[in-house]
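Notes follow the structure.
The values are calculated or read from the model by the stated rules, or taken from the named source; none is laboratory data. All values derive from a computational prediction rather than experimental measurement. Here the Cβ is made from the backbone with ideal geometry for all residues, glycine too, and neighbour counts use every protein chain on show. These area figures cover heavy atoms from the full protein model, side chains too; ligands, DNA and RNA do not enter into them. Shrake-Rupley method; radii C 1.70, N 1.55, O 1.52, S 1.80 Å.
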Amino acid sequence: MRARGKPIELWWQDEARVGQQGTLTRIWAERGSRPRAPRDQRYDWAYLFGAVCPARDTGAALVLPFADGEAMNLHLAEISRNVTPGAHAVVLLDGAGWHQTGGKLQVPDNISLLHLPAYSPELNPVENIWQFLRQNQLSNRVFDRYTDIVDACCDAWNALTADPGRIRSIATRPWASVTI
């Protein structure tokens with residue numbers, strides 16, 4: 001057991017696709033008016049791989065061009081670098097094809113993977129992180145180039161992690177606290 005005798009951190013992981021199609025959200029407008037909202041018809045996007053540890057109010061993310069096993073390995077390495085030294089992280093994630101070990105994932109020694117039940121996104125608080133970012137940082141926008149998408153994802157994630165208490169307030173689940 002790699003985790004025996006070590007403090008345990010719960011991390012939640014997921015990916016979000018962000019692109020030119022964008023997200024439309026509600027905006028304040030005078031009653032009876034129809035405010036304009038930009039909508040792009042092009043199909044370019046990036047994947048925001050994100051993981052949060054609500055107990056520590058911290059996260060680790062990468063913006064990558066693909067969602068595959070190689071990208072997941074990069075993200076696991078990034079999560080590993082953000083785990084408290086001497087602690088062991090249990091990373092909870094969905095059953096996406098690139099989350100399956102099958103000899104392709106390189107799981108760092110300070111991480112164990114725990115898969116959530118199939119078809120249960122409501123159990124993963126990172127889904128609420130994506131909703132928050134889309135509503136507050138990534139909506140009602142048109143991106144001219146791929147680099148604009150990447151920059152917007154980075155800016156949104158950095159704004160999230162720079163706001164003290166934000167990750168904790170969005171992602172804490174009373175039924176998922178570690179008491180050892």
Averaged per residue, the 1.4 Å probe accessible area of the chain, protein heavy atoms only, in Å², is roughly 58 Å²
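Rounding to the nearest 20 debye, state how big the charge dipole of the chain is about its Cα centre with +1 on each Lys and Arg Cβ and -1 on each Asp and Glu Cβ.
Values: 19 positive and 19 negative charges, 83 e Å.
Approximately 400 debye in magnitude.
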Okay, which of the range 116-138 sit inside 11 Å, backbone N to the point 7 Å along the Cα-Cβ direction of ALA176? 116-117, 121-129
Angle, helix 146-162 long axis vs. longest principal axis of the chain, Cα atoms, 0 to 90°, nearest 10? 60 degrees
Could you pull the Cα extents of the range 84-180 along its three principal axes, largest to smallest, in whole Å? 43, 33, 32
Give, as ranges by residue number, the residues of the range 46-79 whose backbone N falls under 12 Å from the point 7 Å along Cα→Cβ of ALA96. 46-51, 62-76
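Report the full-extension gain for the segment CYS154 to LEU123: residue separation times 0.36 nm, less the Cα-Cα distance, to one decimal in nm. All intermediate terms of the calculation are to be shown ahead of the outcome.
Details: separation 31, 0.36 × 31 = 11.16 nm, distance 2.50 nm.
In short, 8.7 nm is gained.
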Helix 126-136 sits at what angle to the longest principal axis of the chain, using alpha carbons and giving 0 to 90 degrees rounded to 10? 30 degrees
If only Cα atoms are counted, what is the Rg of the chain, and what is its Dmax, in Å? 17.5, 62
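Which percent of the accessible area of the chain is formed by carbon and sulfur heavy atoms (probe 1.4 angstrom)? Working shown, then result.
Details: 5410 of 10490 Å².
Carbon and sulfur: 52 percent of the exposed surface of the chain.
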Potential extension, ARG145-SER80 segment - 0.36 nm per residue separation minus Cα distance: 20.3 nm
